[in-house]
Amino acid sequence: MQLDRDDEQILAGGQGETKQKMLELLVALGKVFGAERLVPIKSAQVSGASYKTIGKYGLEWLNSLDAKAVVPAVLNPIGMPRTRWQEMGVDPVFAKNQEAVVAAYARLGIALECTCTPYYLRETSFGDHLAWSESSAVSYSNSVIGARTNREGGPGALAAALVGKTPCYGLHLGKNRKPHVVIDVQGATRDWTVADYGALGYHAGKLVGNRIPYFTGIRPERDQLKALGAAMAATGAVALYHVEDITPETQKIRFDIGGLEKIPVERNEITTLFKEFPVEAVALGCPHCSPEELGTLARLLVGKRVTKPLYVFASQGVIDANRKSVDAIEKSGAKVYADTCMVVSPVMERYKGIMVNSGKALAYVPDMCGGAARIGTTEECVWVATE
Ligand code: F3S
């Protein structure tokens, strides 16, 4: 692998043992995947932030490191809101351990924004190289923005944040971003919601696995694209998808899809996922809510009171910039929490049935939280939470 003078100096230990080890890790990863060089990155998003997932040994490893991030870097959602964990009913022992994980990342220069939607916080542009971890964030940055990142593991993303580079292979290379299979959606209408696109992603992810799909027959908007990609990354391993005439690479590159396998998807394959059964709580914001989604919820909740727990998740930056919507949502008795989410927080494990508007949550809640998940539109979720 080609390395520059700075890389050689780091490898020789000239910038400390942690950076040396981190660059060794990146070089080893690059060799495994056939990278010819490292590429400078604009930002990193680091997973392995919830104490629920990394535990005692992950925390010990973080505490053994000594270096600072050299590019903007944020964390994936953690197991609790950093400032309102008591109110959420988080166990104090878990909270203490989670705070120790956050402190360890802060010492490494990782910004304490814990979110799967870093693209709402810092401008990310077409063609930017990134080292992001969380699957929905990876899908959104590659597909909706046209930036370039592989799905990094936690240590790989942290190493990239501390060194400022990542191995240049996989989705960093244009030749690997071509579609493999066409998903021809039949019967999609203009009034399809975020939940419809989440359900489509839930279904399509199972069909395509780790291939790059090229969608025809749909015209999703930004939040709907976010829902589609997040769900496909959950039921499949889709880190990049294209939507004809919508996502940026299909507008710049004429992909030859003529010889590709074509899979038709009928509308009833999607609607069958919308099953009705009683739930104990409603959780929205998977991936974390956009400003528009908070605005929609605020409008839907005007003059209403919740009758069962309604959790809403968003990044702290989006919450701070949309305080009016957040206050209107919380006036109903719903709670808007930062830093965490319905899947990584242990708190959601207390409910046997959870209603969501997200295909990704539909896939993950049963395994990660133990309860059944029901998908509905945002309007239906609000109705169920306030009926
Ligand atoms: Fe984000 Fe948690 Fe969903 S990390 S995509 S809100 S499972």
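Listed values, structure above:
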| item | result |
| --- | --- |
| Pairs of Cα atoms farther than 30 Å apart, the chain, % | 39 |
| Residues in the range 154-196 that a label on Glu379 would reach, taking backbone N under 17 Å of a point 7 Å out along Cα→Cβ | 189-196 |
| Asp4 paired with Phe277, simple spin-label distance in nm, labels 7 Å along Cα-to-beta-carbon | 5.6 |
| √(5λ) per eigenvalue of the Cα gyration tensor, the range 23-149, largest first, Å | 27, 19, 12 |
| Arg299-Phe33 FRET efficiency (beta carbon distance; Förster radius 41 Å; 0.05 resolution) | 0.30 |
| Three-way shape label, the range 254-387, alpha-carbon gyration tensor, a/c 1.5 | prolate |
| Too-long pairs where the Cα-Cα distance tops 28 Å, listed order kept, from Lys52/Lys352; Lys42/Lys226; Lys206/Lys226; Lys96/Lys165; Lys42/Lys252; Lys68/Lys175 | Lys96/Lys165; Lys68/Lys175 |
| Per-pair calculated FRET efficiency, R0 = 56 Å: Glu99 and Gln251 via Cβ, rounded to 0.05 | 0.80 |
| Local electrostatic count, Ala73, Cβ distance below 12 Å [Lys/Arg +1, Asp/Glu -1] | +1 |
| Rounded Å value of the spacing that divides the Cα centres of the range 227-294 and the range 97-135 | 23 |
| Fewest-first ranking of Cys381, Cys168, Cys289, Cys116, using other Cβ atoms within 10 Å as the exposure measure | Cys168, Cys381, Cys289, Cys116 |
| Binned Cα-Cα distance frequencies in the range 125-197 - 10 Å width, integer % | 18, 41, 25, 13, 3 |
| When the convex hull of its Cα atoms is projected in every direction, mean area for the range 163-312 (nm²) | 11.8 |
| Spin-label pair Arg350/Leu260, simplified geometry with 7 Å Cα→Cβ offset, distance in nm | 4.6 |
| Neighbour net charge for Ala338 - beta-carbon separation under 10 angstrom, K R +1, D E -1 | -1 |
| Neighbourhood charge, 14 Å Cβ-Cβ cut-off, centred on Leu207 and excluding it, Lys, Arg +1 and Asp, Glu -1 | -1 |
| Ranked by how many other beta carbons lie within 10 Å on average, peptides 239-249, 258-268, 89-99 from highest | 239-249, 89-99, 258-268 |
| Residue with peak Gaussian network fluctuation, the chain [Cα springs, cutoff 10 Å], from Val74, Val39, Val326 | Val39 |
| Mean Cα-pair separation over length for the chain, i.e. relative contact order, pairs under 8 Å, 6 or more apart, % | 18 |
| Calculated FRET value between His180 and Thr53, using beta carbons and R₀ = 25 Å, to 0.05 | 0.25 |
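All of the numbers you see were taken from the coordinates with simple rules; none came from a lab. On a predicted model such as this, the values are computed, not experimentally measured, just so you know. Because the Cβ atoms are built from the backbone with ideal geometry, glycine has one as well, and the counts that use them run over all protein chains shown.
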